[in-house]
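S.K.: Structure below; questions to follow.
The values are calculated or read from the model by the stated rules, or taken from the named source; none is laboratory data. Just so it is clear, the model here is predicted, and its values are computed rather than measured. Note that each Cβ is placed from the backbone with ideal geometry, even for glycine, and that neighbours are counted across all protein chains shown. Accessible surface is based on the protein model in full, side chains and every heavy atom, while ligands, DNA and RNA are left aside. Shrake-Rupley method; radii C 1.70, N 1.55, O 1.52, S 1.80 Å.
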Amino acid sequence: MADLFLTGIGHLTTNVGTPVIDAVVAVSDGRIVYAGTAADAPDQTGQRIDCEGRAVLPGFVDSHTHLVFAGDRSREFARRLAGESYLEIAEGGGGILATVTATRGTSEDELYRLATGRVWRMIRSGTTTVEIKSGYGLDLETELRLLRVARRIGETLPVTVRTTFLGAHTVPHEHISDRGGYLESVVAEMLPRAAPLSDYCDVFVEDGVFSVDEGRRVLTAAQALGLGARVHAEQLGHTGGAALAAEIGAVSADHLDHATEKDARALAEAGVVAGLVPGASYTLRSRQAPARALVEAGCTIALATDCNPGTSYFESMGPIISLAVVEAGLTVDEAITAATLGGARALQLDDRGVLAPGAFADLIVLDAPNPSHIPYRPGTNLVWRVVKEGVPVG
Ligand code: NIG
Ligand code: FE
């Protein structure tokens, strides 16, 4: 017996086969029991949401965020618009390190309060699963604080959380003349303590940040502890992060603005999800990732906000889908799939990102007749209802 029905669905995106027109979804115990035509639907006695012709699709899976932080970098944003580069500002002690200073000085409860505000705005914009990275502590105590906050969000808010340890985000001030020592502390001290709070480990592989060899050292140590690997790869230049991701069998390689066709083939062959974060390219006014080459190589594409105070202060997936379509060249269907099923693949969640019997009933109803309205109307939050594991939110 189902306990929730969505009826009168004008356009249903299941991510299994083609969209269904005039559809019903039935939910029992938080999972989908039926998603298909109204004509074949089971009896609808129970709680009902009449969608009155609106579109329904899986909730967004935002597979790359840095949303636990304190402070903001709006002045840095203005400096970049006036001509300074991201790396110049970072080399002068701004950038990631400015957020590290603000975050270290903020209590766990206050970080939770700040992050909760962001996550509620994400949920109201249709996100039902989110990946959250550490990386603004860069010492043992603060990195663990960020991961605990991330886990607590998943326990207290109607959203599924996957966590990622990003101790190798950059070298902190106190180790600036001792990078070897910092890397050693990431591998030998932080990683074993962070592992019980983490699903994944990530490294920012970039000239001037961490090299391919340093990334390999951290990520293979993480894999030995049972964590999946992710890589910030080819964001500001071509450094070899994508090839590293393929070599070590990472779960995803993200950014990829400077990835080549060879990288695209290597990622596809190794089954590494290509994580696109077009909000970062937009904010930095840099090039977008070669989305068409990645699709044509056969990569699974995931779209994410990369929510962070430096390069991509986006909380909603809607504008990200719009950027992916208008600026990066995905088709509307590819972008919607990447923001839902692709994100679920990037987080290895088989029962999210699809609306089919057995999957979790994480879904959104749009106040629009079909999902093309998401990129077509980028300034409007079109989410009318959010259902998380069968429970209407709010
Ligand atoms: O994904 N590239 C590295 N990390 C973030 C930026 C972090 C920051 O600037 O605070 C990113 O763009
Ligand atoms: Fe990032």
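S.K.: Which members of the range 143-164 meet the condition of being free of Cβ contacts under 8 Å to residues at least 24 places away in the same chain and within 25 Å of Leu219 (Cβ to Cβ)?
M.R.: Gly154
S.K.: Can you name every residue in the range 302-327 that is more than 15 Å from the chain's Cα centre (by Cα) and more than 16 Å from ligand 2 (Cβ to nearest atom)?
M.R.: Ser322, Val325, Val326, Glu327
S.K.: Name the residues in the range 51-77 that are over 18 Å from Gly135 (Cα atoms), within 15 Å of ligand 1 (Cβ to nearest atom) and not polar (S, T, N, Q), would you?
M.R.: Selection gives Arg75, Glu76, Phe77.
S.K.: Here's a follow-up. Of the numbered conditions (1) open to solvent by 50 Å² or more (accessible area, probe 1.4 Å); (2) more than 21 Å from Tyr136 (Cβ to Cβ), Gly30 satisfies every one except a single condition; which is it?
M.R.: Gly30 satisfies every listed condition except (1).
S.K.: Mind checking whether some residue in the range 74-95 is of a type in the set (Ser, Thr, Tyr), surrounded by 13 or more Cβ atoms within 10 Å (Cβ to Cβ) and part of a helix (DSSP H, G or I)?
M.R.: yes
S.K.: Please determine whether any residue of the range 38-60 is within 30 Å of Thr106 (Cβ to Cβ) and of a type outside the set (Lys, Arg).
M.R.: Scanning the range 38-60, I find at least one residue that is within 30 Å of Thr106 (Cβ to Cβ) and of a type outside the set (Lys, Arg), so the answer is yes.
S.K.: Only residues that are crowded, with 16+ Cβ neighbours inside 10 Å and not hydrophobic (A, V, I, L, M, F, W, C): list them for the range 343-371, please.
M.R.: Residues satisfying the conditions are Gly343, Arg345, Arg352, Gly353, Asp362, Asn370, Pro371.
S.K.: Right, another one. Kindly establish whether Leu67 is within 16 Å of ligand 2 (Cβ to nearest atom), touching a residue at least 12 places away in the same chain (Cβ under 8 Å), farther than 28 Å from Met317 by Cβ and not charged (D, E, K, R).
M.R.: For Leu67, the condition - within 16 Å of ligand 2 (Cβ to nearest atom), touching a residue at least 12 places away in the same chain (Cβ under 8 Å), farther than 28 Å from Met317 by Cβ and not charged (D, E, K, R) - is not met.
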